[in-house]
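The values are calculated or read from the model by the stated rules, or taken from the named source; none is laboratory data. Keep in mind that this is a model prediction, so the values were computed, not measured. Every residue, glycine among them, receives a Cβ derived from its backbone with ideal geometry; neighbour counts consider all protein chains shown. These area figures cover heavy atoms from the full protein model, side chains too; ligands, DNA and RNA do not enter into them. Shrake-Rupley method; radii C 1.70, N 1.55, O 1.52, S 1.80 Å.
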Amino acid sequence: IEGTTERLLLPRIMKMIDEEQLEDKRLGSQYVSVMEVGGAYAHIFFDLLEFLELRALIITDIDTVKLNNNGRYVSCHLQEGQKTSNACIKHWFDDPDVAPTYLLAMEEAQKISGKRRLAFQQPEEKDGPCGRSFEDAFMLANTDLFPFSGLSMDEREAVAWQTAKDVKKSEFALQYALNVPEWKIPRYIRDGLVWLAENDMPPLTIVPLSAKFVA
């Protein structure tokens with residue numbers, strides 16, 4: 001995961017996912033570690049994950065940016081985005097200029113590589129507004145709590161993005177982790193955690209201690 005908000009909310013989210021899972025597909029019954037990497041740099045750990053043969057879900061932000069009048073890329077809501085500034089996403093698709101439109105149109109299989117799966121913001125419904133980071137994605141997923149009604153899709157994205165910029169991440173996370181009883185998990189996180197929970201890996205082969213190995 002990227003940062004504070006995801007770290008504080010993920011235990012609550014995992015419990016919510018487990019309430020809908022079969023008993024043998026619950027994350028709470030598996031050995032799950034949560035690692036905060038402090039930004040969009042999870043790809044640095046890919047070689048280690050592969051060496052350890054660990055199944056891993058990478059939850060990151062789509063981080064859309066556009067050129068400003070000074071020729072510099074600055075953050076923007078998704079509909080204005082020209083590319084992503086997210087190093088992990090660029091590494092995953094081997095494309096420094098991968099476009100947000102391409103990312104939203106891709107098949108789920110393209111987000112899976114071996115035992116790794118990438119999860120970044122997606123619209124809650126087809127052709128709906130989409131967040132740039134966790135906070136605005138959360139707002140767009142919870143329209144009862146954040147009613148951006150009467151606006152176009154582009155306007156809803158922009159308002160959610162501007163609103164999310166003003167929140168204090170730790171306070172936001174704790175509010176919904178502890179004080180608000182019901183809310184919806186953003187789709188990109190839900191889909192990723194359900195994939196992780198399925199964990200359809202072959203069973204571990206136990207070798208008896210009496211077995212002898214010949215070099």
On the basis of being open to solvent by 30 Å² or more (accessible area, probe 1.4 Å), modelled with pLDDT under 95 and aliphatic (A, V, I, L, M), does Leu27 make the cut? no
Considering the stretch 59-103 alone, what residues qualify as being open to solvent by less than 50 Å² (accessible area, probe 1.4 Å) and in a helix (DSSP H, G or I)? Leu78, Ala87, Cys88, Ile89, Trp92, Pro100, Leu103
Sort out which residues of the stretch 57-83 are of a type outside the set (Val, Ile, Thr) and within 19 Å of Leu193 (Cα to Cα), and write them in order of number. Leu57, Asp61
Between residues in the stretch 156-183 that are open to solvent by 100 Å² or more (accessible area, probe 1.4 Å) and assigned to a helix (DSSP H, G or I) and residues that are at pLDDT below 95 and among the basic types (Lys, Arg), which pairs lie under 7 Å by C-beta distance while being six or more apart or on different chains? none
In the stretch 1-56, residue nearest to Ala197 (Cα to Cα) [restricted to those that are in a loop (DSSP other than H, G, I, E, B) and of a type in the set (D, E, K, R)]: Arg26
Where the second residue is surrounded by 14 or more Cβ atoms within 10 Å (Cβ to Cβ) and the first is farther than 13 Å from Gly131 by Cβ and lies in the stretch 142-153, which pairs have Cβ atoms under 7 Å and are six or more apart or on separate chains? Leu145/Trp183; Leu151/Val159
Scope the stretch 104-123; condition aliphatic (A, V, I, L, M) and either on the phi > 0 side of the Ramachandran plot or surrounded by 19 or more Cβ atoms within 10 Å (Cβ to Cβ) (or both); matching residues: Leu118, Ala119
If you check Ala40 against the conditions, is it at pLDDT below 90 and open to solvent by less than 40 Å² (accessible area, probe 1.4 Å)? yes
Does the stretch 124-135 include one or more residues that are part of a loop (DSSP other than H, G, I, E, B), surrounded by fewer than 17 Cβ atoms within 10 Å (Cβ to Cβ), of a type in the set (Gly, Ala, Ser) and in contact (Cβ under 8 Å) with a residue 40 or more places away in the chain? no
Could you give me the residue pairs with C-beta distances under 6 Å whose first residue belongs to the stretch 23-48 and is closer than 16 Å to Ile13 by Cβ and small (Gly, Ala, Ser), whose second residue is at pLDDT 90 or above and surrounded by 12 or more Cβ atoms within 10 Å (Cβ to Cβ) wherever it lies, and which are 6+ apart or on separate chains? Gly28/Asp18
